[in-house]
Each structure stands twice: as structure tokens, then as C-alpha cells.
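Below is one structure; the comments refer to it alone.
The values are calculated or read from the model by the stated rules, or taken from the named source; none is laboratory data. Because the structure is predicted, anything quoted here is derived from the model rather than measured. Please note: Cβ atoms are built from the backbone with ideal geometry, for glycine as well, and neighbour counts cover all protein chains shown. Side chains included, ligands, DNA and RNA excluded: accessible areas come from the protein's heavy atoms. Shrake-Rupley method; radii C 1.70, N 1.55, O 1.52, S 1.80 Å.
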Amino acid sequence: MKKKTNKILVLLLTLTLLLPSFSFAQTSVDYEYVDFIVEYINAYYIKDIDYETHQNNILKGLLQNLDPYSDYYSKEEYEEFINSLNQSFSGIGIVLKFEKNNVVIDRVLDDTPAKAQGLKAGDVIISVNYQKVEGLSLEEVTSLLRGKAGNIVRIEIKRENELKVIKVRREKIEISPVEYDVFKGVGYIKLNSFSDKASEKVKEALKYIDTVGTNKVILDLRDNPGGYLDEAVKVASLFVPKGPIVHIKDKYGNVQSHYSNLEESKYKLVVLVNEKSASASEIVAAAVKDTKAGYIIGTKTYGKGTVQNIVQLPKEDAIKLTVAEYFSPKWVKIDRVGVTPDLIVENETFDIQLEKAIDYLNN
């Protein structure tokens, strides 16, 4: 199978073009029958119909009934999905949590409007633009805080039993997918997602670790749901020696393999995984395990081993469709199986997995 130049995601393959041309096979769907039912509904249903919403629901049903990963996105949903994948959004730069039935600021990101206007971790949010947040989900409150860049959002908070109103101008926020540090003689890299800047940020982390003078590295992929396939390949190529990283096989048996060109890894590596490590995380973990480029510690991964293709449609909406399955360098199946660590460790009241990784690297 020829190598495509489009950017592939483990969750999906992003195409900026419209639907590609191909020959339609004979289908058993009776579209005249479907049209008849729609016309009947239009003629006799007691209420007016929002046909755009109705059509979106039909398309969602068509895609979502195929498998858990195929889907349909409206224009707005598609934009939100891509921004979420790339950790980019228009907002103020805070992370929320529930605490004692209150919506509380868990973290204020550096170099953001929220930081500049004095919002703090622990502030209880009472309302956003005069809308009370009591009874709303975190997703609903987050949606209220986000919006068009440049607009002002009015936030009422409670801090130390005092009510305050803080006005913050929304800006474009980009969250780095990587956090890193060096402690106990070990470099630690936490990769939260395989966004479009994942490999670039991992390289920055490794450069910093190199300056400290250690070759011991922990790559923490716990709770990482996946992202771009090419970013997974680039990250794996920083540790996995020359050879295959992942094989992708479509319904016709065509295989596309991605390779590392690394002559020899200079790092003693541990990869941390858990049951929420999925997709791109499993590609990296499986490649490291198969090639013995490092040691895997944690619990069995999620088991999401399929590739989705996303195609933008003429109305700037999009469909996401499962088109292939991927396998480890040794052709080990991942889908609905997961990656079993070399050392299975369950976390309890503290991070035993991290402690085991540090012990392994220092012994």
C-alpha cells in the first residue's frame, strides 16, 4: 500500500480536502424508502422540524452504529474536536474540578488571561456571564468560559467567603502536551496526549534531561488517550532502534508499516501505562516492548487498536470512519487486547508505579 502524505491520527486520519473520488459499490439501503418516511414526517408531524438537527442526528446514527469510534461531526463539533486534539482553544486558561458540590478552579495555567487577572486555585465559581453554575456539569461550565477570542467573560467567584467579580478577556490558549522534570537521578516525561506538537515537546524534554547528565528516562503514558499516529511514530523513534514501529492493515489486506531510523538508543527507558493508555500510547508501548527498547510498568492498556479516517465534507462538517487495524512490530494484536506490561503494578494510596520505575532505573 502506498504511503499517504496526509496526516494520520490513531484516532483518525485528518484530510483537509473534501470526499475523495471512488467507485460506489451496490448498496442494499433503500433511500427512496427513507425519503418517503421523511416526507411523511414532514407532512404530518405535529411540530415544526429543525431539519439541520434532524439530518445531523441521522448521520450520527449512521456512523455511530458501525463501531464505538466512527462518528459524524457538525462544523462546530469538528472544530471543537480538532482544537481538543491539539490542546488548543479560545478561553481564559483554567482547569476546573468538583469539590464539595462546588465548581472550583483546580489550576490556573501560566501565561494566560486568568493568571494575569488574578484568578487562583481554590476559587469557587458562582456564575459565568450572570449564569449560575450550580447544577451544571464541568463540561457545561467549561463551555460557558470558552468562546470567541477577544470577548470578555464575567466570572463571579467566592474566595475566603468573599464574593468577587473578575472580568477576563478570552485568548487563544495552547496547552503543552508534555510536563518534565529530573528527580532522584531520573528524567521524567509526562506525555498527556499525542497532539500535533507532542514529538517536538518530548525532544525539548530530552534535551533538558541530557543537560542534567542522566540517560535514565521515564516516559509516562498513563491516562494518555492517543492522538496523531505520525506523532506516535516520531516519539517512538526517539527510543526504538532501527526497524518497524507499527503495521497498519486495511480491510483489503494492504499493509503500511512505519519505521524508526535510530541506530541505537542512548536512554535506559521505562514506560508507564495503565488502563486509560490508548491508541497512540499503545503503539509506543508495544514498540518499546517488542524491541526491548525499554521496560513497561503499570497495568494492561485500554486495547484500542483501530485507525479512523476523518474526511471534511462540503459544509465543513466531517465524518470519522474506522478504516484499518494496527499491530505491533512483531504483529501482536492490540485491538480489544491491550499491551501487557513487563511488570504489572497496581497503584494504591500513592504512586507505586512511579516508585517501581525509579527503582528499576537506579538498580
**Prompt:** So is ASP196 outside any loop (DSSP other than H, G, I, E, B), closer than 28 Å to ALA324 by Cα and open to solvent by less than 80 Å² (accessible area, probe 1.4 Å) or not?
**Reply:** no
**Fill in**
Residue count, the stretch 48-64, condition modelled with pLDDT of 90 or more and more than 37 Å from the chain's Cα centre (by Cα), comes to 0
**Message:** If I go through the stretch 200-227 residue by residue, how many of them are open to solvent by 10 Å² or more (accessible area, probe 1.4 Å) and within 30 Å of VAL323 (Cα to Cα)?
**Reply:** 5
**Request:** Considering every residue within the stretch 315-323, establish whether at least one is over 27 Å from GLU76 (Cα atoms) and surrounded by fewer than 17 Cβ atoms within 10 Å (Cβ to Cβ).
**Result:** no
**Message:** Quick check on my filter: what residues within the stretch 33-80 are free of Cβ contacts under 8 Å to residues at least 60 places away in the same chain and aromatic (Phe, Trp, Tyr)?
**Reply:** TYR33, PHE36, TYR40, TYR44, TYR45, TYR51
**Asked** Do we have TYR302 as surrounded by 24 or more Cβ atoms within 10 Å (Cβ to Cβ), aromatic (Phe, Trp, Tyr) and under 30 Å from LEU59 (Cα atoms) here?
**Response** no
**Complete:** Of the listed residues (ALA280, ALA236), the one being within 15 Å of VAL202 (Cα to Cα) and either of a type in the set (Asp, Glu) or in contact with a Gly (Cβ under 8 Å, 6 or more places away or on another chain) (or both) is ALA280
**Request:** Being surrounded by 14 or more Cβ atoms within 10 Å (Cβ to Cβ) and touching a helix residue (DSSP H, G or I) at 6+ places or on another chain (Cβ under 9 Å) is the filter here, so list the residues in the stretch 96-113 that pass it.
**Result:** LEU96, VAL103, ILE105, VAL108, LEU109
**Message:** Of everything in the stretch 123-170, what is in contact with a helix residue (DSSP H, G or I) (Cβ under 7 Å, 6 or more places away or on another chain) and surrounded by fewer than 16 Cβ atoms within 10 Å (Cβ to Cβ)? Give them in sequence order.
**Reply:** ASN129, GLN131, ARG169
**Message:** I need the full set of residues from the stretch 326-354 which are surrounded by 14 or more Cβ atoms within 10 Å (Cβ to Cβ), aromatic (Phe, Trp, Tyr) and assigned to a loop (DSSP other than H, G, I, E, B), in order please.
**Reply:** none
**Of all residues in the stretch 243-266 being open to solvent by 20 Å² or more (accessible area, probe 1.4 Å) and touching a strand residue (DSSP E or B) at 6+ places or on another chain (Cβ under 6 Å), the one that is farthest from LYS330 (Cα to Cα)** = ASP250
**Message:** Cβ-Cβ distance below 6 Å, separation of 6 or more or different chains: which pairs start in the stretch 340-352 with a residue that is closer than 17 Å to SER281 by Cα and end on one that is of a type in the set (Asp, Glu) and open to solvent by less than 50 Å² (accessible area, probe 1.4 Å)?
**Reply:** none
**Prompt:** Before we move on, is GLU231 under 20 Å from HIS258 (Cβ atoms), under 22 Å from the mean Cα position of the chain (by Cα) and in a helix (DSSP H, G or I)?
**Reply:** yes
**Prompt:** Of the residues VAL128, VAL124, VAL104, which single one is in contact with a strand residue (DSSP E or B) (Cβ under 7 Å, 6 or more places away or on another chain), closer than 24 Å to PHE81 by Cβ and at pLDDT 95 or above?
**Reply:** VAL128
**Prompt:** Does the stretch 49-66 contain at least one residue that is touching a strand residue (DSSP E or B) at 6+ places or on another chain (Cβ under 9 Å), under 25 Å from ARG170 (Cα atoms) and small (Gly, Ala, Ser)?
**Reply:** no
**Request:** Among the strands (runs of 3 or more DSSP E) lying completely within the stretch 239-321, list those that include at least 3 residues that are under 27 Å from LYS356 (Cα atoms).
**Result:** 268-273, 295-298
**Request:** Would you be able to tell me the number of residues in the stretch 171-181 that are of a type in the set (A, V, I, L, M, F, W, C) and part of a strand (DSSP E or B)?
**Result:** 2
